[in-house]
Amino acid sequence: MKLSRIASAIAVAAMAPAVMLSSPAFAADAASPSTPSAPTVPDQGSEGDKPTGDAGQTPAEDSQATKDRAAIQAILTDPASGPGVREAAEKALKGTAA
């Protein structure tokens, strides 16, 4: 057997237990906390009051919505668009899922 084959066989034998017997970082029977340690979305403002309905709207999002509505209107006025596309565009303008 060549020296390079012996060296690679030894390397494989040394790495095999680490690869084959690796376990996840957490124990399977450990009790997980019922609530997350940190909230993913803030529920309340800094004063503790409830968030308003349009708090997520920024001027950039508002202008994007205007651009989207204009594009949908262009699709509706296009005579080449089919009935399925027109129906989906009307649903999108109404705010329902397309």
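Of the conditions (1) outside any loop (DSSP other than H, G, I, E, B); (2) loosely packed, with under 11 Cβ neighbours inside 10 Å; (3) at pLDDT below 90, Gly84 satisfies every one except a single condition; which number is it?
Condition (3) is where Gly84 drops out.
Taking only pairs six or more apart or across chains, which ones have beta-carbon atoms under 9 Å, a first residue in region 80-92 that is over 14 Å from Asp68 (Cα atoms) and without any contact (Cβ under 8 Å) to a residue 40 or more places away in the chain, and a second residue that is in a helix (DSSP H, G or I) and among the small types (Gly, Ala, Ser)?
Final answer for the pair search is Ser81/Ala89.
The values are calculated or read from the model by the stated rules, or taken from the named source; none is laboratory data. Source: prediction; values computed, not measured. Glycine also receives a Cβ, built like all others from the backbone with ideal geometry; neighbour counts cover every protein chain displayed.
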